[in-house]
Amino acid sequence: MRIAIASDHAAYELKAVLADWLRGEGHDVADLGTNGPDSVDYPDYGYRLAEAVAGGSADKGVALCGSGIGISISVNRNPACRCALVSEPLSAKLAREHNDANVIALGARLTGIDMAKACITAFLTTDFAGDRHARRVDKLSHPPQLETSR
């Protein structure tokens, strides 16, 4: 699988470990930065990751920052991306199964290496269930027009 991975400065060490591990698992990994402790703006890396997934150069994405919150928000600005912030494997599994998430976000200050690997494994090995969930997922990128009350 082609996986894009990106982080800000708070998560660059976790990103390096996970990128190496994913390559060892046989995946084609595109490391989109950052690659050091110098302060950077997480939206820049979230947008870069979202473009890789939305543009088709990556099948799935892994987004990392200190908490996972900021980078997940930036990835989700792209309507073709469904980024789920998770902290344990069940959430990662359900993000794929029910929400067809194509990007997973993790917080380096909140999630250890082994738990991050367990989350990514659940994310990558779970298929989208489709069926009733497909209609709901479609609404994430194409929201219905809602009536406003006066």
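Values quoted throughout were computed directly from the atomic coordinates according to the rules given, and no laboratory measurement underlies them. All values derive from a computational prediction rather than experimental measurement. When we count neighbours, we look across all protein chains shown, and the Cβ atoms used for this are built from the backbone with ideal geometry, even at glycine.
Just a few scattered comments:
- Taking a straight line from the alpha carbon of Lys117, these lysines sit under 25 Å away, with near neighbours fewer than eight places off in the same chain left out: Lys15, Lys60, Lys93.
- Bins of 5 Å, starting at 0 and running to the largest distance - Cα pair percent for the range 98-150: 4, 16, 18, 16, 14, 12, 10, 6, 3, 2, 0
- The range 63-113: trypsin sites (Lys or Arg not before Pro) in DSSP loop, at most 16 other beta carbons within 10 Å: Arg77, Arg109
- The dipole here belongs to the chain: it is taken about the Cα centre, uses +1 on the Cβ of Lys and Arg and -1 on the Cβ of Asp and Glu, and is about 520 debye.
- In the frame of its principal axes, the range 2-141 has Cα extents of 44, 27, 26 Å, reported largest first.
- Low-density loop cleavage sites - GluC sites (Glu not before Pro) in the range 1-67, where at most 14 other Cβ are within 10 Å (DSSP): Glu25
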